[in-house]
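Have a look at the structure below, then the notes.
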Amino acid sequence: MRFSPWRGISWASRRWSLWALLVALVVALLGTLIWLSGRYESSMVQSRLEHDAAEAVADIRSGLTRNLHTFQALHAFEQTPDAWRARAADLLRENREIMRLEWRNQALQVLGAVETPYRFSVFERLGRGSMEADVSLTCSTASRLSGPTYSTSYFLPQPDGMGMEVLDMCMPLVLAGRVTGYIVATYSLQDILGELVGKQLVRGVGLSFTEADGTRLALLGVPSRGSRIYVAQQLLDLSGNTLVVRMERRLGTPALFPNILTALVTAMSLTLLAVLFLLARDMRRRQKVEHDLGEALAFRKAMEDSLRTGLRARDLEGRITYVNPAFCQMVGVEAKDLLNQSFPSPYWPPELADMYQQRQQVRLSGKNLPQESHESVFMRRDGTRFPVLIMEAPLINAVGKHTGWMSAILDVSEQRRIEELSRASQDRLQATARLAMVGEMASLLSHELNQPLAAISSYATGSLNLLQEGATAPMATSFRGGPGADHPEPPLSEELQLAMRRIAEQAERAGKVIKSVHDFVRRRDQVREAVAPRALLDAVMPLVSLQARKLGVRVAIEVDAACAPVRCDRTMVEQVLLNLSRNGMQAMQGAQEAPAAQTPAALHEKVLTLRIRPAASRAQSRWVEFSVTDCGEGISEQVAKQLFTPFFTTKEEGMGLGLSLCRTVIEQHGGFLGFEPAQPQGTIFTFTLPVALAQTTDAAAPNAS
């Protein structure tokens, strides 16, 4: 893959863009923190101011209520106007916020009046009479409500050119449920703020009375000016009048750092920016190291993935800590199913798991084991077993500590298969050599046995001729027994003549067999003729019957009359029938008979069944089926796999060539030789031969075309 510089520039620009975005986010975050800190400080100042304003209103209301109780105490008993004025004067000296105190009768006529000693009369310029209308209205309201009532505030100019805002309070005097007079008190709004509000509340703030529209009526302190002014307003709800108490405060500290919290947040922000710069520099170094490490890991991963050798790592407890793809593919199990797996491993064959576990425990019990290799057998997920070669060595980390074991596993199944094929090829070569030797021996024996067999046949023929001539000569007379007993010599037995003819026939047949074997070995054209199936059976029956009588076997023959003549080499097929019959009778000799109580009576009898019938599985009945059925033990699966292998035999005196030659003879005729188990026990050997008519038709077909 070619490297493009534009791609590097694009990646660098994206990376710097991400860093710029991160810095912008950090700056925005820090700015937000500072702003939130300022807002928090402002909210705290505003909350304290609201609390102080509420306490100021509570102090004013408490002071006014306390004054009402004092006014009621002045009239606790009947007294003269002079005595009332004396006590009222004392009261005004204690309460500087009251400018004038009056005692009036039911008709609002003044019975007594006292003014504050701390200033000139507030009504000096306008006179008290100018405000009678307001007083009359306030007292009417108080009489109707049966309680103290406050008038609206009004301005009174003073002789010094200044003025003040005052309000009147009218409280009815009730005796036995009847209004007997009124107390009228004139309050200075500014003095109410100065006298009734706690000194700690008015320190450093501007406190004033305002109307609902914001008009300032009275002020205590200096009004605040500037941008960072905090204002709190509370309602002073009096009977007949409602005033607004306004409290103002200016934050006198610098606006950039209003308090220690904001300074700390700012310092932390600057520190965070410095840390961010250091982190960016460290990140660049880390990225370079990670890039180099990633390339190294990718190179190692590519090497591990390209290996055909399985790699497996175990810790000191035997748990799998690493496997490469080749090992996973080898055992057919995914890496996630192998990691952290202990004993038994999922790729161990169940029948070998105990032995493997003992071996692993012995290996894990040692320390710093030397490098070793051994062969084992693993199991794939589908259950198939395969041989492996394991090379295992201690796993040492960077500090020289033994942390586990590292194994390299090779799948040697292909190597074992090649070795098996090589051994099989060697066995076949040896079998071929032995067969060649057998062929040479057969040729030699056929040459050497022809003369003795010809001599036997000649002697048997001559003996038979002599026997026949002796039978036609005058019978000799001999006398046996007591005197006078005359018995003629009996002629030679006809059975002896039959025996001599059988000797001659079998000698001639043996010669034909040897000749056929000789032709078979020499690969000469064999003479095939049309032969009735029954004739093939009759030819071998004398020898079969002779051996059957010797072994105590009954021979059963079943021949289907519908069988057509077969085209074959008569001598070789007869030898096949004879060989299969002898094998069946010998198999029944080795069978173990079951107890009579457990086995049907039919199974105690040794029966050899020879059956000839048309082959049902061949098309158009062009084949004849020959079968030989015995009642022996049957053929096991292991023997069945090698039954037709040359030189394989289960007999001590056998050579292992009989069934192999029989199958070769039948296959040269185009037929098939096989076997199957018989019921309830025994084996059925079956072979097929083509009928003579089918062979003639097939031979004439090319000429017809």
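The values are calculated or read from the model by the stated rules, or taken from the named source; none is laboratory data. Here the structure is a predicted model, which means the values were calculated and not measured. We place every Cβ from the backbone using ideal geometry, glycine too, and count neighbours over all the protein chains shown.
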Condition first: closer than 27 Å to ALA88 by Cα and out of contact with any strand residue (DSSP E or B) (no Cβ under 8 Å at 6 or more places or on another chain). Can you find one or more residues in segment 179-195 that meet it? yes
Hey, could you check segment 292-321 for residues that are within 20 Å of ARG380 (Cβ to Cβ) and surrounded by 15 or more Cβ atoms within 10 Å (Cβ to Cβ) and say which is nearest to the chain's Cα centre (by Cα)? ILE320
Among the residues that make up segment 39-51, is at least one of them touching a helix residue (DSSP H, G or I) at 6+ places or on another chain (Cβ under 7 Å), farther than 28 Å from SER146 by Cβ and either modelled with pLDDT under 90 or not assigned by TED's automatic domain parsing to the domain that holds LEU236 (or both)? yes
Which one of these does LEU536 not meet: (1) on the phi > 0 side of the Ramachandran plot; (2) modelled with pLDDT of 70 or more? (1)
Restricting segment 88-106 to residues that are among the aliphatic types (A, V, I, L, M) and assigned to a helix (DSSP H, G or I), the one farthest from THR70 (Cα to Cα) turns out to be ALA89
Across segment 287-333, what is the number of residues that are in contact (Cβ under 8 Å) with a residue 12 or more places away in the chain and small (Gly, Ala, Ser)? 5
Candidates ALA296, ALA313, filtered to the one that is among the hydrophobic types (A, V, I, L, M, F, W, C) and not assigned by TED's automatic domain parsing to the domain that holds GLU392: ALA296
For segment 296-324, how many residues are in a helix (DSSP H, G or I) and of a type in the set (S, T, N, Q)? 1
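Rundown of residues vs (1) assigned by TED's automatic domain parsing to the domain that holds ARG66; (2) at pLDDT 90 or above; (3) within 60 Å of the chain's Cα centre (by Cα); (4) surrounded by fewer than 19 Cβ atoms within 10 Å (Cβ to Cβ), yes/no style:
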{"residue": "GLU94", "(1), (2), (3), (4)": "yes, yes, no, yes"}
{"residue": "LEU101", "(1), (2), (3), (4)": "yes, yes, no, no"}
{"residue": "VAL122", "(1), (2), (3), (4)": "yes, no, no, no"}
{"residue": "ALA133", "(1), (2), (3), (4)": "yes, no, no, yes"}
{"residue": "PHE155", "(1), (2), (3), (4)": "yes, no, no, yes"}
{"residue": "PRO159", "(1), (2), (3), (4)": "yes, no, no, yes"}
{"residue": "LEU175", "(1), (2), (3), (4)": "yes, no, no, yes"}
Looking at segment 248-256, is at least one residue at pLDDT 85 or above and either in contact with a Gly (Cβ under 7 Å, 6 or more places away or on another chain) or surrounded by 15 or more Cβ atoms within 10 Å (Cβ to Cβ) (or both)? yes
List pairs: first residue in segment 545-569 and farther than 14 Å from GLU625 by Cα and at pLDDT 90 or above, second residue among the polar types (S, T, N, Q) and assigned to a strand (DSSP E or B) anywhere in the structure, Cβ distance under 9 angstrom, at least six positions apart or on different chains. VAL555/THR609; ALA556/THR609; ALA556/THR629
Being in contact with a Lys or Arg (Cβ under 8 Å, 6 or more places away or on another chain), closer than 21 Å to LEU217 by Cα and not in a strand (DSSP E or B): is that true of VAL122 here? yes
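So that you can scan it fast, the table gives a plain yes or no per residue for (1) at pLDDT 80 or above; (2) in a loop (DSSP other than H, G, I, E, B):
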position	(1), (2)
LEU578	yes, no
ARG582	yes, no
ALA587	yes, no
GLU593	no, yes
THR609	yes, no
GLY634	yes, yes
PHE644	no, yes
LYS651	no, yes
Yes/no for THR141 being in a strand (DSSP E or B) and surrounded by 13 or more Cβ atoms within 10 Å (Cβ to Cβ): no
Residues in segment 182-200 that are free of Cβ contacts under 8 Å to residues at least 12 places away in the same chain and surrounded by 22 or more Cβ atoms within 10 Å (Cβ to Cβ) total 0
Residue among PHE343, PHE327 that is among the hydrophobic types (A, V, I, L, M, F, W, C), under 23 Å from the mean Cα position of the chain (by Cα) and outside any helix (DSSP H, G or I): PHE343
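Test of understanding: among LEU217, LEU235, LEU207, LEU243, which residue is in a strand (DSSP E or B), touching a Gly at 6+ places or on another chain (Cβ under 7 Å) and at pLDDT 85 or above?
Result of the check over LEU217, LEU235, LEU207, LEU243: LEU207.
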